[in-house]
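Chemist: Below is a structure I'd like to ask you about.
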Amino acid sequence: MDQIALDLAVKIVSSFGIPGIIFVVWYFSERSHDRTLRAYREDTLRQQKVFEDGLSEVRRMYEDNVELVKVYASLASDQKDVLIMNAQGFAKLSDQIGLNQFCPMVRLKKQATGREEG
């Protein structure tokens, strides 16, 4: 309690008696109540900021996950193209092996004899 408030309280009590005491008690109670409300407001604002920070972090994680899915879809598309090209290459290789045009013995034999019996 500061000095001015104490002097004021003594003057009120001496001038007004019991109603003055009630007024002084009410005055100090109201000041305490205001301090409590101010502390509650500050605490609530602090908690709200923590909640909003956490919420923005969750939002950022979802946005990052969306970006990750887009990149993964792009990679999957590229991988599909590579698999298709590999399958085409193996099909061509399989056809060439089946025709057997790369073995010199078979190639020379085919040129020499003309028509082969199969």
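The values are calculated or read from the model by the stated rules, or taken from the named source; none is laboratory data. What you see is a predicted model; the values in this text were computed from it and never measured. Note that we place each Cβ from the backbone using ideal geometry, even for glycine, and neighbour counts take in every protein chain shown. Ligands, DNA and RNA are stripped out before the accessible areas are found, and what is left, the full protein with its side chains, is counted by its heavy atoms. Shrake-Rupley method; radii C 1.70, N 1.55, O 1.52, S 1.80 Å.
Chemist: Largest first, how would I97, I12, I84, I4 line up by accessible area (1.4 Å probe)? Could the numbers behind the result be given before it?
Modeler: On the way: I97 115, I12 25, I84 85, I4 135 Å².
From most exposed to least exposed: I4, I97, I84, I12.
Chemist: With every protein chain present, what accessible area does K80 have (1.4 Å probe, heavy atoms only), rounded to the nearest 10 Å²?
Modeler: Spelled out: K80, probe radius 1.4 Å, area about 110 Å².
Chemist: What accessible area, in Å² to the nearest ten, does a 1.4 Å probe give for E63?
Modeler: So the heavy atoms of E63 present about 110 Å² to solvent.
Chemist: May I ask for the Rg/Rh ratio of the stretch 1-85, computed from Cα atoms with Rh as the Kirkwood radius, given to two decimals?
Modeler: 1.71
Chemist: Filter the chymotrypsin sites (Phe, Trp or Tyr not before Pro) in the stretch 1-40 down to the DSSP loop ones having no more than 14 other Cβ atoms within 10 Å, then list what survives.
Modeler: Filter output for the stretch 1-40: empty list.
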